[in-house]
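The values are calculated or read from the model by the stated rules, or taken from the named source; none is laboratory data. None of the values given here were measured: they were computed from a predicted structure. Here the Cβ positions follow ideal geometry from the backbone for every residue, glycine too, while neighbour counts run over all protein chains shown. Side chains are part of the model used for accessible areas, which takes the heavy atoms of the whole protein and leaves out ligands, DNA and RNA. Shrake-Rupley method; radii C 1.70, N 1.55, O 1.52, S 1.80 Å.
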Amino acid sequence: MSKSLTQSMRWSILDDVAAKDTGSLRALRRTNSERLLSALMEHGALHRAELARICGVSRTTVSTIVSDLVAGGVVIEAVGDQVAQAGIDASEVDGRARGFLQANPGAGAAAGLDFTLERVWGHVTDLSGTSLASAGVTAARDTPWQERLTAGLDLLDDLLTSAGLDRGALVGVAIGVPGPIDLLSGVVGPSLPGQAWAGVNVAAEFGRHLAVPVLVENNTRLEAVAEFTWGAGRGSRDVLYLGLSTGIGSGLLVDGNLHHGGARGGGGEIGHISADPSGAACPCGNRGCLVQYASLFAVLKALSPVLGDDAGIDEVLAAAEAGQEDTVRVLREAGEVTGRVLANICNLLNPERIIVGGELARAGDLVLEPIRATLRRSAMALTRDVEVMAAELDLGARAGASGAAALVLRQTDQLVAALLAGAELRPNEAV
């Protein structure tokens with residue numbers, strides 16, 4: 001082999017190595033950019049030093065990346081009221097009153113759509129999570145998914161218009177639907193009878209109409225994200241959300257990250273944990289499921305001899321407030337059986353806080369106190385002191401839609417790239 005050919009091969013190999021190194025640096029830089037922006041969106045205004053500590057990077061990396069983000073309008077300097085709203089005394093941080101950063105609220109918008117059997121609700125926020133527009137429309141229970149998709153897109157456009165925006169401002173959209181979502185195929189599994197989205201790849205169908213990332217998640221898990229971000233979960237990192245509604249579902253956030261439901265999306269079905277193995281058969285194939293004792297349907301069925309077959313949650317709450325003995329008893333029993341199931345969950349997961357939502361949470365301490373008392377009796381000493389709180393946000397689709405918008409800001413891949421509209425990151429900077 002000639003010397004010149006050997007030298008040529010050597011330089012070719014070095015060029016390949018350099019290209020790989022450059023690609024690795026670019027990837028790491030993108031990752032760090034996403035991490036910094038996510039921290040600012042989650043925590044609000046942060047000093048550069050605190051931002052470096054939270055993200056586990058050097059101050060040099062923060063300064064280098066932030067300069068690009070500021071130049072691209074993604075991050076801005078936070079001053080005055082913006083710093084005060086974050087609960088920070090700027091003068092106490094390294095003796096400097098400057099150096100605070102925040103995500104630029106006007107750099108983009110996130111949207112969420114939440115579909116129930118009879119309604120779709122939409123919610124649009126800026127990058128700080130501030131609500132820009134929120135509204136809903138009704139749908140007949142037998143409306144096919146194609147018409148629901150059209151209604152959702154029309155609602156989204158109406159919300160953007162009311163906020164003075166268009167689809168070009170979006171960085172992502174998240175969709176909430178009933179039922180499990182298979183994480184491998186993206187297809188919605190069967191759940192409630194008449195569920196229009198069963199068998200549909202919702203992300204792919206919406207993706208045909210939207211030029212941004214589309215996320216799909218179960219309704220109840222989106223309610224959990226909403227409560228974690230803006231409701232009763234604020235200030236906690238490990239939160240279990242329990243929705244006591246017509247059915248019983250849950251959402252789990254561990255160290256601030258949503259658990260998406262396991263290998264096939266079926267995780268979180270607390271309602272089908274057996275509360276009584278000798279109980280009545282459940283359509284799921286189990287016996288004595290929690291949903292048979294503590295769901296809104298179960299409570300209304302137990303109280304129908306007292307309140308009538310046409311009674312709803314409002315009649316239940318009115319009877320409880322009036323001290324109607326049977327109503328108080330049924331609500332307390334629902335809380336007790338829920339507490340027994342949650343005691344096992346606490347022993348397994350040890351959440352910091354349990355948030356109880358859904359229609360039955362409106363009964364307040366009539367349901368919550370029996371849950372707390374049963375937890376104290378039944379859970380291990382190490383896990384029994386978990387906080388049990390009522391949800392703070394609106395019920396159902398409203399909370400789900402706001403949680404969907406929050407999910408976009410927390411989990412949309414390549415968010416920085418979308419905001420910078422494809423701007424190239426310099427490869428030879430600190431990472």
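Filter the stretch 121-138 for residues that are of a type outside the set (Gly, Ala, Ser) and open to solvent by 60 Å² or more (accessible area, probe 1.4 Å) and give the result. Walk me through it before giving the result.
Step one: list which residues in the stretch 121-138 are of a type outside the set (Gly, Ala, Ser), which gives 121, 123-127, 130, 132, 137-138.
Answer for the stretch 121-138, where residues must be of a type outside the set (Gly, Ala, Ser) and open to solvent by 60 Å² or more (accessible area, probe 1.4 Å): THR130, LEU132, THR138.
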* Asked: Restricting to the stretch 145-170, what's the tally of residues that are surrounded by 13 or more Cβ atoms within 10 Å (Cβ to Cβ) and not in a helix (DSSP H, G or I)?
  -> 3
* To do: Evaluate the following for GLY179: is it part of a strand (DSSP E or B) and within 21 Å of PHE297 (Cβ to Cβ)?
  => no
* **Within the stretch 63-105, considering residues that are modelled with pLDDT under 85 and among the β-branched types (Val, Ile, Thr), the one farthest from ALA406 (Cα to Cα)** => VAL93
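Could you identify the single residue in ARG340, ARG332 that is in a helix (DSSP H, G or I), open to solvent by 60 Å² or more (accessible area, probe 1.4 Å) and touching a residue at least 60 places away in the same chain (Cβ under 8 Å)? Step through it out loud before you land on a result.
Values: ARG332 fails: touching a residue at least 60 places away in the same chain (Cβ under 8 Å).
Exactly one of ARG340, ARG332 is in a helix (DSSP H, G or I), open to solvent by 60 Å² or more (accessible area, probe 1.4 Å) and touching a residue at least 60 places away in the same chain (Cβ under 8 Å), namely ARG340.
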* What are the residues in the stretch 120-168 that are in contact (Cβ under 8 Å) with a residue 60 or more places away in the chain and within 15 Å of SER402 (Cα to Cα), if any? -> VAL120, TRP121, GLY122, HIS123, VAL124, THR125, LEU127, SER128, GLY129, SER131, SER134, GLY136
* Does the stretch 248-265 include one or more residues that are under 19 Å from VAL367 (Cα atoms) and outside any strand (DSSP E or B)? -> no
* Structure fact -> Across (1) more than 19 Å from the chain's Cα centre (by Cα); (2) at pLDDT below 95; (3) under 21 Å from ALA320 (Cβ atoms), LEU395 clears everything bar (1)
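Do the conditions hold for ARG141, that is, is it among the basic types (Lys, Arg) and either part of a strand (DSSP E or B) or open to solvent by 70 Å² or more (accessible area, probe 1.4 Å) (or both)? Even if it seems obvious, please write down each step before you answer.
On the way: among the basic types (Lys, Arg): yes; either part of a strand (DSSP E or B) or open to solvent by 70 Å² or more (accessible area, probe 1.4 Å) (or both): yes.
In short, yes.
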* Asked: Checking LEU368 against (1) open to solvent by 10 Å² or more (accessible area, probe 1.4 Å); (2) without any contact (Cβ under 8 Å) to a residue 60 or more places away in the chain; (3) within 20 Å of GLY231 (Cβ to Cβ), which test does it fail?
  -> (1)
* Residue that is farthest from ALA224 (Cα to Cα), among those in the stretch 241-280 that are among the hydroxyl-bearing types (Ser, Thr, Tyr) and open to solvent by less than 70 Å² (accessible area, probe 1.4 Å) -> SER274
